[in-house]
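Computed from the coordinates by the stated procedures, all read-outs in this text should not be read as laboratory data. From a predicted model like this one, the values you see are computed outputs, not experimental measurements. Every residue, glycine as well, gets a Cβ built from its backbone with ideal geometry; the counts of neighbours run over all protein chains shown.
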Amino acid sequence: MLLPFLFIGVKVKKKDIKVAVLRIEGTNCEQESYDAFKRLGASPEFVHLKQLLHIDCNKDEKRDVFAYHCLMIPGGFSAGDYIRGGAIFAARMKSKLDKDLVEFVKQEYPILGVCNGFQVLTELGLLPGIKEIATKLPDAVLNINDSNRFECRPTLLKHENNGKCVFTSKIPKNDIRLIPSAHAEGKLLFPLDKQEDYLKKLEKNDQIVFRYVDPDGNYAGYPWNPNGSISNIAGICNNIGNVFGMMPHPERTFYRHQHPDWPEAGIKDDIGDGKAIFESVLDYICKKF
């Protein structure tokens, strides 16, 4: 199935890029996420999951996954994070949208999940996406932080992707970015008997995007790694590179004045460390479609 906005020989312009910022009860940061895309000239839209499921809404409110160039699942505590972080949000999506999501990814349209959104993507089986586009059961989890508490702090991320991830193409390899974290369940884990194998495959496939580091750029434990995530992983993409999940919040450092050290370091051009995430995917869409 081809998406309805595909036209042979017609390249999409940035102003025509439609981004669905998904939400249900308990999500937050959707406004900041919406604003990030809007400031760059795209056309984001808040879309409640019920609009995609076509329940409890009238005809004019109904929406279709294939009407968008990009889907974003923002942070928060969707459905109160009962059971596990993102589990209920993902279960609702799977109930009617599983085939549509697989087709969307297969056609190389991008999906971004930040914090709670990352949790949703693992629950959907779209990440880590090492071989299959989506697994029937999750093969990764964002577990409770080692500190056993909610961690809200600036975190330093080293960009380790070699070019596969479409959300970080504008970030130089080995660049270190300050992007804040705010989560209680951010410890990335794989099946215990397969963790080393999964890590090797992620490395080989260029699926590791960000790792937590200290101010000297070294892998380090708490507090630099705020959750105890295996191999200091802060963000991964699927094997295609168009599904990306990260625990820290790039929408919270879109501008330089949002950085905690701006009084000492200055604002300069006011370009924050998270802005490039949104620029990269819009650039990808313009070039790809």
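What the table shows:
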read-out	value
Filtered residue count, the range 113-134, keeping only those that are closer than 16 Å to residue 239 by Cβ and either in contact with a His (Cβ under 8 Å, 6 or more places away or on another chain) or without any contact (Cβ under 8 Å) to a residue 24 or more places away in the chain (or both)	2
Subset tally (residues that are in a loop (DSSP other than H, G, I, E, B) and over 16 Å from residue 222 (Cα atoms)) for the range 133-145	8
Considering residues of the range 73-117 that are of a type in the set (Ser, Thr, Tyr) and in a helix (DSSP H, G or I) only, the residue surrounded by the fewest Cβ atoms within 10 Å (Cβ to Cβ)	95
Strands (runs of 3 or more DSSP E) fully within the range 198-287 counting 1 or more residues that are more than 24 Å from residue 146 (Cα to Cα)	243-246
Tally, over the range 186-206, of residues that are free of Cβ contacts under 8 Å to residues at least 60 places away in the same chain and either polar (S, T, N, Q) or touching a Cys at 6+ places or on another chain (Cβ under 6 Å) (or both)	1
Looking only at the range 94-121, and only at residues there that are β-branched (Val, Ile, Thr) and touching a helix residue (DSSP H, G or I) at 6+ places or on another chain (Cβ under 8 Å), the one that is nearest to residue 207 (Cα to Cα)	111
Unmet requirement for residue 189, which otherwise passes all of (1) within 21 Å of residue 77 (Cα to Cα); (2) touching a helix residue (DSSP H, G or I) at 6+ places or on another chain (Cβ under 7 Å); (3) buried (at least 19 other Cβ atoms within 10 Å of the Cβ)	(3)
The range 140-151, subset within 18 Å of residue 235 (Cβ to Cβ) and out of contact with any helix residue (DSSP H, G or I) (no Cβ under 8 Å at 6 or more places or on another chain), residue surrounded by the most Cβ atoms within 10 Å (Cβ to Cβ)	145
Scope the range 118-132; condition part of a helix (DSSP H, G or I), within 11 Å of the chain's Cα centre (by Cα) and hydrophobic (A, V, I, L, M, F, W, C); matching residues	118, 120, 121
Pick from the range 52-72, criterion within 22 Å of residue 281 (Cα to Cα) and of a type in the set (A, V, I, L, M), ranking: surrounded by the fewest Cβ atoms within 10 Å (Cβ to Cβ)	67
Count - residues of the range 44-61 that are in a helix (DSSP H, G or I) and out of contact with any strand residue (DSSP E or B) (no Cβ under 7 Å at 6 or more places or on another chain)	7
Selection from the range 259-278 of residues that are of a type outside the set (Val, Ile, Thr) and surrounded by fewer than 18 Cβ atoms within 10 Å (Cβ to Cβ)	260, 261, 262, 263, 264, 265, 266, 268, 269, 270
Candidates 24, 17, filtered to the one that is surrounded by fewer than 20 Cβ atoms within 10 Å (Cβ to Cβ), over 23 Å from residue 233 (Cβ atoms) and in contact with a Phe, Trp or Tyr (Cβ under 9 Å, 6 or more places away or on another chain)	24
